[in-house]
Amino acid sequence: MMFRSAAIGRILSGLDRSRSLSTIASCRAVLVPRFGRPDVLEVRSDVSVPDLKPKEVLVGSRAVAINPLDLRMREGYGRSIFESLLPIIIGRDVSGEVAAVGSSVSSLKVGQEVFGALHPTAVRGTYTDYAILSEDELTIKPSTLSHVEASAIPFPALTAWRALHSTARITDCDRVLIIGGGGAVGFTAIQLAVAVGCKVATTCGPESVDRLLSAGVEQAVDYTSEDIEFVIKGRFDAVLDTIGGPETERIGVNLLKKGGHYMTLQGEAASLADKYGLAVGLPAATAILLKKQCQYRYSHGIEYSWTFMRADMEGLEGIRRLAEAGKLHVPVEKTFPLSQVKEAHEAKEKRLVPGKIVLEVD
Ligand SMILES: NC(=O)c1ccc[n+]([C@@H]2O[C@H](COP(=O)([O-])OP(=O)(O)OC[C@H]3O[C@@H](n4cnc5c(N)ncnc54)[C@H](OP(=O)(O)O)[C@@H]3O)[C@@H](O)[C@H]2O)c1
C-alpha cells in the first residue's frame, strides 16, 4: 500500500478537516485481469486512485464483505459490460473511514466512519485500500458495529429493501414469504419484514432454521426434509425468492394472494446481455419480463418482477437505523486478510464456510 499512512496523516491534519481532495495517487487493490477461477485474482500495490468527482467520497477501507456477485463477476458474469474494461476491481460492500471528499459532498466529513455499497455495475469495486463511492451510497456506520459487522450488511440489505419496500411496499398487515431465508439477502429480508410488523414465513436449509426462528419468523421450513407446498399454509402478499429456479417460482407464485408480488433475485437481464450482447440481450430480457408479467397477471392475478440491488439513500438510512437499534445484522462466519482474497473466494465457492465471509483491510 503506497503512501497510505503518510497521506492519510496529511489529509487528517489539514486545516479543513471537513473537505479534502485526495493526495493518494495509488494504493493496493485486488484486480480481475481476466475472467476465471479464484487464482486469476491479483493483489497489486500500485493501482491508481482516480481524482474524485464532485459527489464522490474516498473511503479508507477497513472491511469488505464478499457477495455471490463478486464470485460471479470474477467468473465473467456481466462480461457484456466489464470485458472491455478489464482489469476491474470487484467488491460492492465496504466499511471504513472517509479519507477525502469531492467538492460538492455536503453530508460527510473526513475522518467519519461510514459504510455502504456500490451499484452492481460499478467498475471500480471495493476490494482495495481506498474505495470510491458516491455520497448517496454511504452513510454513517453505527458505533455499535465493528467495521467487519457493518461491511456485511449494505449490499444484501439494500437488495431486500428494494424488493420489500420499493416494489412490494409491505405494511404491518402483510404476510411475507422469503424463499431461501438462510443467506444474507434472505436473512436481511426477514429482519426488514419483521421490523415492519409483517407475519413472515421462510424456507431454508436445516442449519438455518433456529437462527431464522430467533429472528422472528412464524414458520421456518427445512426444504431438505419437508414438502414446502404441503407445509406452508395460507396465502401471502409478497414472496421474495432468493433461489429463483423454476420450481421455487412455481411454488412462490401459487402461494400468493391476488394482487400479491412475486420477486426473484435471478433476473435474466445480465445473463442474456452476456450471451447475445447488450444490443440484443437487453431488449430480449425486457420482452421476456413483460411476457411473464402479462402471463402471471392473467393466470394468477399477481405482479411479477426481477429485483436488482440499487443504491438508495432512503433505504440505506432505514438500514442504518435498524442496524443501530440491533434489529438488523448479518452474522459473519469468517474473516480473511485482503491479501488472502484467493483463499476467501475458494472458501465461499466451495461452501467451506457456510455463512458470510469478510475481507479485513489491515
Ligand atoms: N439481483 C440482485 O441484485 C442480487 C443481489 C444480491 C444477491 N443476489 C443473488 O441472490 C442469491 C443469494 O444471495 P446472498 O447474498 O443471500 O447469498 P449467501 O449469503 O451466500 O447465501 C446463499 C445460501 O447460503 C446458505 N447460507 C448462508 N448463510 C448461512 C449460514 N450462516 N448458515 C447456513 N447456511 C447459510 C443459505 O442456504 P440454505 O438455504 O441452506 O439456508 C443461503 O441460501 C445469490 O444467487 C446472489 O447472486 C442477487
Q: May I ask you to list, by number, the DSSP H helices of the chain whose Cα span along the axis is at least 30 Å and whose average Kyte-Doolittle hydropathy reaches 0.0 or more?
A: 278-299
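For ARG79 and SER214, what does the FRET efficiency come to when R0 = 41 Å and r is the distance between their Cβ atoms, rounded to the nearest 0.05? Mind showing how you got there, number by number?
On the way: r = 40 Å, r/R0 = 0.98.
Computed FRET efficiency for ARG79 and SER214 comes out at 0.55.
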**Q.** Full-stretch length increase - SER166, SER339 - with 0.36 nm per residue and alpha-carbon distance subtracted
**A.** 58.6 nm
**Q.** Expected 222 nm ellipticity per residue - DSSP helices of 4 or more, -39500 (n - 2.57), all of the chain, to 500
**A.** -9000 deg cm²/dmol
Q: Report the relative contact order of the stretch 235-362, percent, no decimals, based on alpha-carbon pairs under 8 angstrom and at least 6 residues apart.
A: 18 percent
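Largest first and in whole Å, what are the equivalent-ellipsoid semi-axes of the stretch 264-348 based on the Cα gyration tensor, each being the root of 5 times an eigenvalue? All intermediate terms of the calculation are to be shown ahead of the outcome.
Values: eigenvalues 224, 105, 31 Å².
In descending order, the three semi-axes are 33, 23, 12 Å.
Among LYS334, LYS258, LYS291, LYS199, what is the fewest-to-most ranking by other Cβ atoms within 10 Å?
On the way: LYS334 15, LYS258 8, LYS291 11, LYS199 19.
Ordered from fewest to most neighbouring Cβ atoms within 10 Å, LYS334, LYS258, LYS291, LYS199 come out as LYS258, LYS291, LYS334, LYS199.
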Q) What percent do you get for the relative contact order of the chain when only Cα pairs under 8 Å and 6+ apart count? A) 17 percent
Q. How long is the chain along each principal axis, judged by its Cα atoms, biggest number first, in Å?
A. 63, 46, 39
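I need TYR77, TYR298, TYR262 ordered by Cβ neighbour count within 10 Å, fewest first.
Working: TYR77 19, TYR298 8, TYR262 26.
Ascending number of Cβ neighbours within 10 Å: TYR298, TYR77, TYR262.
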**Q.** Label-point separation in nm, LEU282 to LYS53, each point 7 Å along Cα→Cβ
**A.** 1.6 nm
Q) Which of the lysines could be linked to LYS109 by a straight reach, that is with a Cα gap under 20 Å, when you skip same-chain ones fewer than 8 residues away? A) LYS53, LYS55, LYS141
Q: Treat each spin label as a single point 7 Å out from the Cα along the C-beta direction, and report the LYS291 to ARG34 distance in nm.
A: 3.6 nm
Q | About the Cα centre, charge dipole magnitude for the stretch 214-362 (Lys/Arg +1, Asp/Glu -1 at Cβ), debye | A | 420 debye
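Could you give the length gained on full extension between ASP227 and ARG310, defined as 0.36 nm per residue of separation minus the Cα-Cα distance, in nm? Walk me through the numbers before you get to the answer.
Values: separation 83, 0.36 × 83 = 29.88 nm, distance 3.35 nm.
Result for the pair: 26.5 nm of gain on full extension.
Which order do HIS119, HIS345 fall in if you start with the one that has the fewest other Cβ atoms within 10 Å? Before the final figure, lay out the partial values.
Numbers: HIS119 16, HIS345 25.
Fewest to most other Cβ atoms nearby, the residues stand as HIS119, HIS345.
Please get the size of the charge dipole for the stretch 86-165, origin at its Cα centre, with Cβ charges of +1 on Lys and Arg and -1 on Asp and Glu, quoted in debye to the nearest 20.
Details: 5 positive and 8 negative charges, 31 e Å.
Result for the stretch 86-165 is approximately 140 debye, rounded to the nearest 20.
Mind putting a number on the dipole of the chain about its Cα centre? Charges go on the C-beta only, +1 for Lys and Arg and -1 for Asp and Glu, and I need it in Debye to the nearest 20. Don't skip to the end; give the middle numbers.
Working: 42 positive and 43 negative charges, 111 e Å.
Roughly 540 debye, rounded to the nearest 20.
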Q | the stretch 156-306: Lys pairs at Cα distance under 30 angstrom, eight or more positions apart or on different chains | A | 14
Q) For the stretch 133-275, how big is the tail of P(r) above 20 Å, as a whole percent of Cα pairs? A) 48 percent
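Can you tell me the length gained on complete extension of the stretch THR144 to LEU71, counting 0.36 nm per residue apart and subtracting the Cα distance? Numbers along the way, then the final one.
Details: separation 73, 0.36 × 73 = 26.28 nm, distance 2.94 nm.
Gain on stretching THR144 to LEU71: 23.3 nm.
No lab work stands behind these numbers, since they all come straight from the coordinates. Please read all numbers here as calculations on a predicted model, not as lab measurements. As a convention, Cβ positions derive from the backbone with ideal geometry for all residues, glycine included, and neighbour counts pool all protein chains shown.
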